[in-house]
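S.K.: Pasting a structure here, questions to come.
The values are calculated or read from the model by the stated rules, or taken from the named source; none is laboratory data. All values reported here derive from a predicted model rather than from experimental measurement. Note: ideal-geometry Cβ built from the backbone for every residue, glycine included; neighbour counts use all protein chains shown.
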Amino acid sequence: GGWCDSNINAVDITGNTVIISGTTTITGKDRALEGGHKNYTGSDAFTGNTLVLDKTRHLEVDRVGNFEYLSFTLPGNFSVGSTGDAMITVTGGANLTGGNNRSSVIKAIDVEAGRSLLKGDEIMLISAGALTTNSGLTWKVTGRQDNTDYDFEIIRRDNELIARVVDIRVGPTQPTPSPTPDDDKPIVGGCDTGASVILPLFAAATLLYRRKKM
């Protein structure tokens with residue numbers, strides 16, 4: 001996140017977003033995830049700072065703090081239950097509070113496609129050496145996977161923060177639209193693909209178009 005190492009008055013470190021995606025290893029002497037870091041006690045290093053854990057698993061750091069918002073996306077290979085995986089393990093302190101009795105807010109717990117959850121399943125969001133929360137923490141959260149909505153209750157169990165599935169709502173599957181006849185189909189390398197082709201920006205290709213004869 002943001003960092004201010006001076007004692008300048010009224011320097012706020014706010015509105016930062018830290019995104020950790022996939023299987024990630026953080027190394028170093030002080031492995032900290034902070035939305036904002038400051039040495040001056042009169043400034044704000046909490047407001048609007050967001051931590052996004054996007055399909056992480058077995059992520060380990062030394063401390064976490066100064067995030068007003070938390071967002072989680074559960075990976076498809078995640079193990080649930082009391083002996084399952086933790087999305088993030090904090091060897092030291094995980095502080096989910098801000099100044100003036102403020103609290104972090106869990107905005108969403110989404111699920112990667114292909115991973116189904118059952119009612120009663122428990123997801124260990126955070127496992128910490130010391131977990132700090134207060135009554136303002138979000139205790140009811142909704143998440144989504146394709147056409148399925150999950151309702152979670154947030155449970156603190158010692159120094160673990162857990163999301164338990166309490167309700168599942170499955171909506172109608174969106175039908176796949178039928179292809180629309182198109183006389184201007186792209187031809188790539190002399191072969192009629194019959195569909196649009198998106199090429200990487202670094203690729204070089206020649207697209208020839210077959211036009212309708214008058």
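S.K.: Looking at region 96-119 only, could you name the residues that are within 17 Å of the chain's Cα centre (by Cα), surrounded by 14 or more Cβ atoms within 10 Å (Cβ to Cβ) and not in a strand (DSSP E or B)?
M.R.: Within region 96-119, LEU96, SER104, GLU112, ARG115 qualify.
S.K.: Can you tell me which of PHE78, PHE72 is among the aromatic types (Phe, Trp, Tyr), in a strand (DSSP E or B) and over 14 Å from GLY35 (Cα atoms)?
M.R.: Numbers: PHE78 fails: in a strand (DSSP E or B).
PHE72 is the lone residue from the list that is among the aromatic types (Phe, Trp, Tyr), in a strand (DSSP E or B) and over 14 Å from GLY35 (Cα atoms).
S.K.: Also, quick follow-up: If I ask for residues that are farther than 14 Å from GLU153 by Cα and either among the charged types (D, E, K, R) or assigned to a strand (DSSP E or B) (or both), which ones from region 120-133 would you list?
M.R.: Pass one, region 120-133, residues farther than 14 Å from GLU153 by Cα: 126-133.
Selection gives ILE126, SER127, ALA128, GLY129, ALA130, LEU131, THR132.
S.K.: Only one residue in LEU70, LEU74 is under 23 Å from ASP30 (Cα atoms), of a type outside the set (Ser, Thr, Tyr) and surrounded by 15 or more Cβ atoms within 10 Å (Cβ to Cβ). Which one?
M.R.: On the way: LEU74 fails: under 23 Å from ASP30 (Cα atoms).
Criteria check complete, one pass: LEU70.
S.K.: Only one residue in THR56, THR41 is over 16 Å from ASP121 (Cβ atoms), modelled with pLDDT under 95, hydroxyl-bearing (Ser, Thr, Tyr) and within 16 Å of the chain's Cα centre (by Cα), so which one is that? Break it down stepwise before answering.
M.R.: Working: THR41 fails: within 16 Å of the chain's Cα centre (by Cα).
One residue alone meets the criteria, THR56.
S.K.: Now for a different question. Return the only residue of GLY76, GLY120 being on the phi > 0 side of the Ramachandran plot and in contact (Cβ under 8 Å) with a residue 24 or more places away in the chain.
M.R.: Working: GLY76 fails: on the phi > 0 side of the Ramachandran plot.
After applying the criteria, what remains is GLY120.
S.K.: Within region 147-162, can you find the residues that are under 18 Å from the mean Cα position of the chain (by Cα), modelled with pLDDT of 95 or more and not acidic (Asp, Glu)?
M.R.: Once the filter is applied, which keeps residues that are under 18 Å from the mean Cα position of the chain (by Cα), modelled with pLDDT of 95 or more and not acidic (Asp, Glu), region 147-162 yields TYR150, PHE152, ILE154, LEU161, ILE162.
S.K.: Would you check which residues across region 147-172 are acidic (Asp, Glu) and in a strand (DSSP E or B) and list them? So that I can check it myself, show each step before the final result.
M.R.: Our first condition is that a residue be acidic (Asp, Glu); within region 147-172, this holds for 149, 151, 153, 158, 160, 167.
Result: ASP149, ASP151, GLU153, GLU160, ASP167.
S.K.: OK, next. If the requirement is being surrounded by fewer than 17 Cβ atoms within 10 Å (Cβ to Cβ) and within 28 Å of LYS119 (Cα to Cα), which of these qualifies: GLY81, GLY92? Spell out how you get there, then give the answer.
M.R.: On the way: GLY92 fails: within 28 Å of LYS119 (Cα to Cα).
Just a single option satisfies the conditions, and that option is GLY81.
S.K.: In region 137-146, what residues are in a loop (DSSP other than H, G, I, E, B) and either hydroxyl-bearing (Ser, Thr, Tyr) or at pLDDT 90 or above (or both)?
M.R.: Keep residues of region 137-146 that are in a loop (DSSP other than H, G, I, E, B), which gives 137-139, 146.
The answer is LEU137, THR138, TRP139.
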